[in-house]
Amino acid sequence: RLVKKAYSMVGSQPLFSRTAVVLIGYQKDYFGRDGKLHGVIQASSDSVLRNTLKIINSLKDTSVLFIETPIIFTKDYSELLEPSGILKVIKDVQAFKMGDKGSETIPEITQFGDRIIQIPGKRGLNAFAGTCLEELLKRERVTDVVLCGAVTSVCIDSTGRAAHELGFRVHQLEDCTCGRTQAEQDQYCQEIFPLYA
């Protein structure tokens, strides 16, 4: 059902080319100045957003597929059973909660309207889990997945590994992903991502 809704947004356009840009975490709780988790990515958020917008503007008139996969939880976080790590932090600070301003996509991304397809259902680290992302990518004959967003060591890495295991070629853009620290960003981009991307 979700893929039909997402696919209906494509309308009568021809099949996209073999590349999809997947945008992860471009929500007010991360990128908003008053976001509950803005401090996690604050050091790089402005430059990452600026670079992401350059990519979207450069490619928006091409056949590249743009997909946004926001993470949104129910009001009581009932889907998080005994959360740990970043998911525990999200629950503790009440971030990305359905109906809350912080879960909204930032206006810099929503300005592109239907050019960016929103895939709902992400409730964890991997943008494929609980969503129709894989089905949409395969339906569009995508071979290359480009990842942008937050956080490099968590959702970007998790989604990248899943994409690789599903047979996609994976590309993480160093200047379009936010690490929690520059050291973490460097380690992932220089040592971990090259193992599979």
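The values are calculated or read from the model by the stated rules, or taken from the named source; none is laboratory data. This is a predicted model, so every value here is computed, not measured. Ideal geometry is used to build each Cβ from the backbone, glycine not excepted, and the neighbour counts take in all protein chains shown. Keep in mind that these areas ignore ligands, DNA and RNA; they rest on the heavy atoms of the full protein, side chains included. Shrake-Rupley method; radii C 1.70, N 1.55, O 1.52, S 1.80 Å.
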- Item | In the range 143-166, residue farthest from residue 79 (Cα to Cα) [restricted to those that are open to solvent by 10 Å² or more (accessible area, probe 1.4 Å) and assigned to a loop (DSSP other than H, G, I, E, B)] | 143
- Message: As an exercise: evaluate residue 62 against (1) closer than 25 Å to residue 164 by Cα; (2) of a type in the set (Val, Ile, Thr); (3) modelled with pLDDT of 95 or more and give the number of the one condition it does not meet.
- Response: (3)
- Task: Determine which single condition residue 69 fails, assuming it passes every other condition in (1) of a type in the set (S, T, N, Q); (2) out of contact with any Lys or Arg (no Cβ under 8 Å at 6 or more places or on another chain); (3) open to solvent by less than 10 Å² (accessible area, probe 1.4 Å).
- Result: (2)
- Item | Given (1) more than 22 Å from residue 181 (Cβ to Cβ); (2) in a helix (DSSP H, G or I), number of the condition residue 117 does not satisfy | (2)
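Yes/no matrix, rows are residues, columns are (1) of a type in the set (Phe, Trp, Tyr); (2) in contact with a Gly (Cβ under 9 Å, 6 or more places away or on another chain); (3) within 20 Å of residue 65 (Cα to Cα):
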| position | (1), (2), (3) |
| --- | --- |
| 115 | no, no, yes |
| 121 | no, yes, yes |
| 126 | no, no, yes |
| 129 | no, yes, yes |
| 139 | no, no, yes |
| 142 | no, no, yes |
| 150 | no, yes, yes |
| 177 | no, yes, yes |
| 188 | yes, yes, no |
- the range 104-113: number of residues that are in a loop (DSSP other than H, G, I, E, B) and either under 13 Å from residue 69 (Cα atoms) or in contact (Cβ under 8 Å) with a residue 60 or more places away in the chain (or both): 2
- Message: Residue under question is residue 105, and the condition is that it be out of contact with any helix residue (DSSP H, G or I) (no Cβ under 6 Å at 6 or more places or on another chain) and not aliphatic (A, V, I, L, M); does it hold?
- Response: yes
- Query: With respect to the numbered conditions (1) modelled with pLDDT of 95 or more; (2) assigned to a helix (DSSP H, G or I), which one is the sole condition not fulfilled by residue 3?
  - Reply: (1)
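What do you reckon, is residue 102 open to solvent by less than 20 Å² (accessible area, probe 1.4 Å), modelled with pLDDT of 95 or more and under 25 Å from residue 191 (Cβ atoms)? Walk me through it before giving the result.
Numbers: open to solvent by less than 20 Å² (accessible area, probe 1.4 Å): yes; modelled with pLDDT of 95 or more: yes; under 25 Å from residue 191 (Cβ atoms): no.
No; evaluated as a whole, the condition is false for this residue.
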- Members of the range 42-64 found to be outside any helix (DSSP H, G or I) and either buried (at least 17 other Cβ atoms within 10 Å of the Cβ) or among the hydroxyl-bearing types (Ser, Thr, Tyr) (or both), listed by number: 62, 63, 64
- Item | Counted residues, the range 170-197 - those being outside any helix (DSSP H, G or I) and surrounded by 15 or more Cβ atoms within 10 Å (Cβ to Cβ) | 12
